[in-house]
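Okay, so here's the structure we're looking at.
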Ligand SMILES: Cc1cc2nc3c(=O)[nH]c(=O)nc-3n(C[C@H](O)[C@H](O)[C@H](O)COP(=O)(O)OP(=O)(O)OC[C@H]3O[C@@H](n4cnc5c(N)ncnc54)[C@H](O)[C@@H]3O)c2cc1C
Ligand code: FES
Ligand code: FES
């Protein structure tokens, strides 16, 4: 239970104060995941550091070869941002499937990542967009492949006090399709999801990147399917084969939200629909 | 801006200040308390607890200009914020046009979900005074109603848009 709340508005302030704080501590961003564990009495941390208004975490910037999206960006800020729409279309597309409008005004992309859920819609879109994560501990930065430090549900390899500062997405011209199966049309946790980023030229897939949600302990890529599809001209046969490959490279489980077999089928149907879309 | 610090006082509470429906408020809140619980404890019972897990939207308030569900926010996070609850939007004697529209369209049965629906509608119409039916549906994605079946509420939002355009 929190006893002290410290709120900082810049990284400089955060890093210069950290040495003075000698309690067990935790970062608070939007709090949509944390407040529930707080209400249920699962939170024992004494010091909560509110990072929801740190200015460096709230940037969306077009940098030379990359787009930078700050970890403190609220999901609702992604939908109509011109840089995001142009270079990270998967993320812009994911917004309408992500919780409800009032939660989107609170929930951050960084919280979605650090929470390390296999259903995380923001992480699904970032993974398909080939993003890297920028971690920062007292201004020492590490840039790592997005999924490399996610070890399973709620398990992420961050150092003590390290923050996710943001995400770097390579500027590759492409389009994106985002599909999410839930208990109803809108506002639900994913039973299975597929996001594909692609560039098609004359029905040939020059560029393809696929990520999947809720079919493994974390968000995963589909490298075998990508490899198979790359530079192929899409036709009925290729679609059929790709659907078989994608089913063979995932091993989902039965749980309260869905069954393994259903999940496999859904992923295959999503891939089929997505590939149809790539050729218009 | 300078950093802020809140430390538990001798009663085991945080002392916070915020603006509620235009009035400056000071309150003592428990560390585990959500903003929803704090508002209700202060007497603002128009904000309803339907689920306490972010799923129903009945606890929505306008927080620094944006609709947010108050059950997913620790009360201490309201320190220095500006909050508008349903009481700040209209009252029985002086209803807001959106509230009138909900009553006239027959969109209210037990009424439990309505404060949240009004908050979502206000957020929508402030941004988009003439929404399509699809846009209305999406803006109410997070508001569950166990009584009415939603049709009348969509009509109510359309009627509210007309009233506000006058
Ligand atoms: C009703 C409901 C519906 C939801 N629907 C969806 C959905 O459709 N799709 C989806 O993907 N998720 C959904 N979620 C989950 C949740 O809203 C998201 O994961 C959200 O993005 C979390 O962000 P936050 O800012 O609220 O995180 P917080 O609760 O503030 O933080 C979560 C965790 O991340 C840590 N953290 C946060 N930011 C940083 C940072 N920058 N660096 C280091 N650590 C950090 C915190 O310490 C904490 O451990 C839903 C949740 C609820 C309650
Ligand atoms: S009580 Fe907050 S969303 Fe239901
Ligand atoms: S009117 Fe009863 S829950 Fe909506």
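The orientation-averaged projected area of the convex hull spanned by the Cα atoms of the range A:175-278 comes to 6.1 nm².
Angle of helix A:236-248 to the longest C-alpha principal axis of chain A, folded into 0 to 90 degrees and rounded to 10: 40°. Note on A:4-12: average number of Cβ atoms from other chains within 10 Å of each residue's Cβ is 5.
Just how far, in whole angstrom, is the range B:1-69 from the range A:157-207 if you go by their alpha carbon centroids? So the two Cα centres are separated by 34 Å. DSSP assigns beta bridges within the range A:20-110; of those with both partners inside it, close to 50 percent run antiparallel. At q = 0.10, 0.11, 0.13, 0.20 Å⁻¹ the log10 of I(q)/I(0) for chain B amounts to -0.38, -0.46, -0.62, -1.26, computed by Debye summation with a single uniform scatterer per C-alpha, solvent ignored.
Rounded to the nearest 10 degrees, the angle from helix B:114-127 to the longest Cα principal axis of chain B is 80 degrees.
Sorting A:39-48, A:73-82, A:110-119 by average packing, meaning the other beta carbons within 10 Å per residue, from highest down gives A:110-119, A:73-82, A:39-48. For the range B:14-88, divide the Cα radius of gyration by the Kirkwood radius and give the resulting Rg/Rh value with two decimals. Value, to two decimals: 0.91. Shape of chain A from the C-alpha gyration tensor: prolate (a/c of 1.5 or more and a/b above b/c, with a ≥ b ≥ c the square roots of its eigenvalues). Please label the shape of the range A:1-90 as rounded, prolate or oblate, based on the square roots a ≥ b ≥ c of the eigenvalues of the alpha-carbon gyration tensor (a/c under 1.5 means rounded; beyond that, a/b larger than b/c means prolate, else oblate). Here the range A:1-90 falls in the oblate category.
Ranking of B:121, B:53, B:19 by neighbouring Cβ atoms within 10 Å, starting from the fewest: B:53, B:19, B:121. Computed over the range B:65-140, the percent of Cα pairs more than 22 Å apart is 28. Look at the stretch B:56-69: the mean tally of other chain Cβ atoms within 10 Å of its residues' Cβ atoms is 4. Its convex hull of Cα atoms gives the range A:4-50 a direction-averaged projected area, equal to a quarter of the hull surface, of 3.3 nm². With neighbours defined as other Cβ atoms within 10 Å of a residue's Cβ, the residues A:141, A:184, A:25 order from fewest to most as A:184, A:141, A:25. Counting Cβ atoms of other protein chains within 10 Å of each residue's Cβ and taking the mean over peptide B:118-125 gives 1. Calculated mean residue ellipticity at 222 nm for chain A: -8000 deg cm²/dmol, from DSSP H runs with n ≥ 4 weighted as -39500 (n - 2.57), summed, divided by the residue count and rounded to 500.
Would you work out the relative contact order for chain A, in percent, from Cα pairs under 8 angstrom that are 6 or more residues apart? Answer for chain A is 15 percent. Each stretch of four or more DSSP H residues adds -39500 (n - 2.57); spread over every residue of chain B, this sum gives -9000 deg cm²/dmol at 222 nm.
Across all Cα pairs in the range B:97-165, the calculated P(r) in 10 Å bins from zero up to the longest distance comes to 24, 63, 13, 0 percent per bin. I'd like the distance between the alpha-carbon centres of the range A:1-25 and the range A:35-63, rounded to an integer number of Å. Spelled out, the Cα-based centre of one part sits 11 Å from the other. Helix B:151-165 versus the longest principal axis of chain B: what angle, 0 to 90°, nearest 10, using Cα atoms? For B:151-165 against chain B, the angle is about 90 degrees. Among A:1, B:1, A:182, the order by Cβ neighbours within 10 angstrom, fewest to most, reads B:1, A:1, A:182. With viscosity 1.002 mPa s and temperature 20 °C, the Kirkwood radius over alpha carbon pairs of the range A:56-170 converts through Stokes-Einstein to a diffusion coefficient of 154 µm²/s. When peptides A:240-247, A:194-201 are ranked by their average number of other Cβ atoms within 10 Å per residue, the highest-first order is A:194-201, A:240-247.
Taken together, the values in this text are just the output of simple stated rules run on the coordinates, not laboratory data. Treat the numbers as computed from the prediction; the structure is a model and nothing was measured. For neighbour counting, all protein chains shown are included, and Cβ atoms are generated from backbone atoms with ideal geometry for every residue, glycine included.
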